[in-house]
Amino acid sequence: MQVVADVKEMQRLSEVWRREGKIISFVPTMGYLHEGHLALMKMARKKGDVLVISIFVNPTQFGPGEDFERYPRDMERDKQLAESVGVDVIFAPEVQDMYPEGYQTFVEVIEITKPLCGRSRPGHFRGVTTVVAKLFNIVKPHVAVFGEKDFQQLQVIRRMVKDLNMDVEVLGHPIVREKDGLAMSSRNVYLSPEERQAALRISRSLGVARELVAQGVREAPEVLRKVREVLTPDEGLKIDYVELRDPETLKEVSHINGPTLLAIAAFVGKARLIDNAIISPIEN
Ligand code: PAF
């Protein structure tokens, strides 16, 4: 496994692989890898001949007062984990190489970035689409795998790829959970044992919503009211949003009559956690 920091060197390697007819699969990450990332990598490994991951804590997707500075980083551990799942190259550029002085170009998806995390984190998705577009131009992947925990991010990237005719197949990987149900996230490291208990209400509330829909409840306000009750029996957790939306358009849903995205973001201590489920009245 190679670690490449240089943009031009990464482009050169990818160009060689492409000329040799190799399929390049890619998993972009911000590092501090966990089992969730490794699952994306295992999936990507099967889709291509060479597997590249990026480790880059992207400053343009963090707002003022967010956790860019203290975002967890551990390159040595990440290298070992990446190697254990067969990564060929870690692309790990420096911030000044991705955004050199004079940098002024951004990629923006307009509509589906407005609700949910887009409302709570203005500019976040502009930073994500910009860095992912840059990474695609550098790594030149045929296939890229993203986690469904960041469901809105996945849909935003799909939209960007479609709208800008990018020749990359975007695949989603189901959410990977801890044994107790907590969705895996690098930010879980911020949680104290008590906070972690409160955080478990998030995945529990998704289960409660599923059960309600299975019992025949279809009105969004009723489902959302119950989910909120499960999330906030006390002050250990602060809801950012709890919403039911169409999984494709991300438009709000008032009546559940097809697969519907239940998306949750909540603050637990210093951590802002997100989770979601597709709730389908047909399956239930
Ligand atoms: O999901 C993430 O870790 C990041 O948003 C991504 C896609 C690596 C872009 O920085």
The answer for the longest stretch of the chain without any exposed GluC sites (Glu not before Pro) (DSSP loop, at most 10 further Cβ atoms within 10 Å) is 102-234
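Of the listed pairs K162/K270; K42/K251; K149/K226, which have alpha-carbon separations greater than 24 Å here?
Working: K162/K270 36 Å; K42/K251 32 Å; K149/K226 22 Å.
Checking Cα-Cα distances, K162/K270; K42/K251 exceed 24 Å.
How high is the relative contact order of the stretch 1-155? Use alpha-carbon pairs under 8 Å, at least six apart in sequence, and give a whole percent.
On the way: 248 pairs, mean separation 55.2, N = 155.
RCO, the stretch 1-155: 36 percent.
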Excluding residues fewer than 8 positions from K8 in its own chain, the lysines with Cα under 23 Å of it are K22, K79, K134, K140
Comparing G21, G118, G172 in a Gaussian network model of the chain (Cα, 10 Å), the one with the largest mean-square fluctuation is G21
Largest fluctuation, V189, V227, V161 only, Gaussian network model of the chain with Cα springs under 10 angstrom, belongs to V189
Here, trypsin sites (Lys or Arg not before Pro) of the stretch 66-154 satisfying both criteria (DSSP loop; at most 13 other Cβ within 10 Å) are R70, R73
Taking the alpha-carbon centre of each part, the distance from the stretch 46-67 to the stretch 163-209 in Å is 17 Å
With 0.36 nm assigned to each residue of separation and the Cα-Cα distance removed, V208 to E248 gains 12.1 nm
The chain: relative contact order from alpha carbon pairs under 8 Å, six or more residues apart, as a whole percent, is 17 percent
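Find how much the distance from D167 to V217 grows on full extension, using 0.36 nm per residue of separation minus their present alpha carbon separation; answer in nm with one decimal.
On the way: separation 50, 0.36 × 50 = 18.00 nm, distance 4.17 nm.
Once the chain is fully extended between D167 and V217, it gains 13.8 nm.
Throughout, read-outs are computed from the coordinates displayed, never taken from laboratory work. Keep in mind that what you see is a predicted model, and the values were worked out from it rather than measured. Here the Cβ is made from the backbone with ideal geometry for all residues, glycine too, and neighbour counts use every protein chain on show.
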